[in-house]
1. Would you kindly derive the ³J(HN,Hα) couplings of region 62-72 from the backbone phi angles with the Karplus curve 6.51 cos²θ - 1.76 cosθ + 1.60 (θ = phi - 60°), listing them in order in whole Hz, with x for Gly and Pro?
2. Find, to one decimal place in angstroms, the Kirkwood hydrodynamic radius of region 21-80, where the mean of 1/r is taken over every pair of different Cα atoms and then inverted.
3. Provide the net charge surrounding Phe82, with neighbours chosen by a C-beta distance below 12 Å and charges set as Lys +1, Arg +1, Asp -1, Glu -1.
4. Could you give each residue of region 38-48 its phi-based ³J(HN,Hα) in whole Hz, using Karplus coefficients 6.51, -1.76, 1.60 with θ = phi - 60°, and x for Gly or Pro?
Amino acid sequence: MWKQSFCCGKSLGQWIIPRGSVQVRFHCPHVAGDVELTGERERRIQATHPDLLPEYREALRKTLEDPDQVRRSARSANARLFSRWFDGIMGGKHVVAVVVSEAEPRRH
C-alpha cells in the first residue's frame, strides 16, 4: 500500500491506495520518477474538488513537472507539497499536489 493525496488550495490528507490501480502517471523530476494517480484517487479529488479534475489535469501535470515551490510536509516525513500558480484557473489559483513516496518498492 502507498499514500498519495492531491489538493487545490487545501489539504485533503493522506489516503491509502491499493497497488495495481494506476490510471495516470505524471513525470516529476523532483522525485526522480513518475507520480502515479489511481482511478480511486482521481474520483476522490473529483468529489472534493470538482473544479480541478478532469478540466485542469494539465495544470496538475505542469505542477509536478515544473513547480513554483516544493516543500516537505509538516505532517509526513515522506511527503512533499508541489505548488504552482495559474492565472487562468478561476481568476488565479494555486494547484497543490501532495506526493507521498514509498521506499520499497520505490513509488510516488
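1. Using θ = phi - 60°, the values come out as 5, 4, 6, 7, 8, x, 6, 8, 10, 10, 7 Hz.
2. Every distinct Cα pair counted, the radius reaches 12.5 Å.
3. So the environment of Phe82 carries a net charge of +3.
4. Taking θ as phi minus 60°, the curve returns 7, x, 4, 5, 4, 5, 5, 5, 4, 6, 8 Hz for region 38-48.
Just so you know, all these numbers are worked out from the coordinates, no wet-lab data involved. All figures in this text were calculated on a predicted structure; none of them were measured in a lab. For neighbour counting, all protein chains shown are included, and Cβ atoms are generated from backbone atoms with ideal geometry for every residue, glycine included.
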